[in-house]
1. Could you check how many residues of segment 96-123 are closer than 17 Å to L13 by Cβ and touching a Phe, Trp or Tyr at 6+ places or on another chain (Cβ under 6 Å)?
2. In segment 141-155, what residues are more than 17 Å from M196 (Cβ to Cβ) and surrounded by fewer than 18 Cβ atoms within 10 Å (Cβ to Cβ)?
3. In segment 214-273, which residues are among the hydrophobic types (A, V, I, L, M, F, W, C) and closer than 19 Å to D292 by Cα?
4. Counting residues that are on the phi > 0 side of the Ramachandran plot, which helices (runs of 4 or more DSSP H) fully inside segment 193-301 reach at least 3?
5. Is it the case that segment 183-204 has a residue that's touching a residue at least 40 places away in the same chain (Cβ under 8 Å) and among the aromatic types (F, W, Y)?
6. Take G198 and tell me if it is crowded, with 16+ Cβ neighbours inside 10 Å and either over 19 Å from the mean Cα position of the chain (by Cα) or not aromatic (F, W, Y) (or both).
7. Hey, can you tell me all the residues within segment 41-74 that are in contact (Cβ under 8 Å) with a residue 40 or more places away in the chain and under 30 Å from G198 (Cα atoms)?
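The values are calculated or read from the model by the stated rules, or taken from the named source; none is laboratory data. Just so it is clear, the model here is predicted, and its values are computed rather than measured. No Cβ is skipped: glycine too gets one built from the backbone with ideal geometry, and neighbour counts run over all protein chains shown.
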Amino acid sequence: MLNRKQRFYLFKLLSLFSVVRGYNILMITLAQYLASIYILAPDLPLAKVVFDLNLFLIVTASALVIAAGYIINNFYDAEKDLINKPTKSMLDRLVSQRFKLTTYFVLNFVAVFTASYISFRAVLFFSAYIFGIWFYSHKLKRIPLLGNFVSATLAIAPFFVVFVYYRNFETVIFVHAVFLFLLILAREMIKDLENMPGDMAQNYRTIPLIFGPRVSKALVTSLAVLTLIPAYLLIKIFDVGYMYLYFWGSIILLALFIFLLWKATGKKHYVWLHNILKFIIVLGVFSILLIDVDLVLNRIL
C-alpha cells in the first residue's frame, strides 16, 4: 500500500507521462522500426535492421525531441487547455512549469548529443527539428492553415530522417508518406473544430473561428477525399502484401468519417471524428506487419 508521499510522486510521474504523451512516443518508435524493416529496408536481414546502432540512435533522438516538443507545446497551451481539456490539464499541472522547461532543455540537449554519435548532418537535422517545433509552438500554430500544415510536416519528420538514412527513393515510399501526411493534416484541422472554445478565449486564429465550421468541414472533407487517392494507388498499383486490407478498411472508415463530419454539431462529435482518424493512423502502424506476413510467422514459429 502506497503512502501519501509515494502516491504524490506517482501522480507526478503520471503527469509527466501525460505531458510528453508517452503513449504517442511509443507508437512513433514502433512505427519507425516497422517502417524500416518492412518498407524502407525490406531486403536487409531483420537482425541487421533491429540491431543497427545508428537506427537506434536516430529513433532515440527522435523520441527525445518529440517528448521535448510536447512539453513546450503544453507550456504555451496551458491556459487554452484549461478550457479544452480540463481533466488532462489538471493532471499536467502536477508538474511545475519550471520543471517542464528544465526537462525540455535537458531532453533537447541529450537528443543533439545522441545525434552527434551518428553524424554532423544528424546534428543539423535534429537541431533544425528542435527549432521548428519551438517556432511552431511559439508563433506558427496561431496562423490559420499554415500552422496545421507545419504541424503535420513536423509529425512525419521522424519518418523522413529514417527514410534519408536508408536512401530508399522508391515511389511506393512517397505514396505511403502522402497518405500519412494527409491523414495527419485532416486530424490537425479536426482538432481546430474540437478546440474552438479554448482557441476563441485565447484569441487563436483558426479556420473554424475565422471562416466558420462549414468552411473548415469542407477543407477537412477535401483532405479526406484526397487521402483516398494514395490509398487506392497502394491497393491497385503497388505490392503492399496483405496490407491492402488495411487500405480498404481505411477507405470505408474515411467514407464514414465524411458522413459523420457533416452531421457533427458539437465538441463531443468532433472528439469522435478525431478518434476515428487517430484509430486509422494507429492501426496503420500495426498493419505494416501485413506487408510480409511470412517474415512475421517465421520469427514467431
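1. 1
2. L146, F149, T153
3. A231, L233, L234, I235, I237, F238, V240, M243, L245, F247, W248
4. Helices (runs of 4 or more DSSP H) meeting the threshold: none at all.
5. Yes, there is a match, as at least one residue in segment 183-204 is touching a residue at least 40 places away in the same chain (Cβ under 8 Å) and among the aromatic types (F, W, Y).
6. yes
7. Those that are in contact (Cβ under 8 Å) with a residue 40 or more places away in the chain and under 30 Å from G198 (Cα atoms): S62, L64, V65, I66, A67, A68, G69, Y70, I71, I72, N73, N74.
Okay, residues lined up against (1) modelled with pLDDT of 95 or more; (2) within 20 Å of the chain's Cα centre (by Cα):
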site	(1), (2)
Y204	no, no
S222	yes, no
A231	yes, yes
F238	no, no
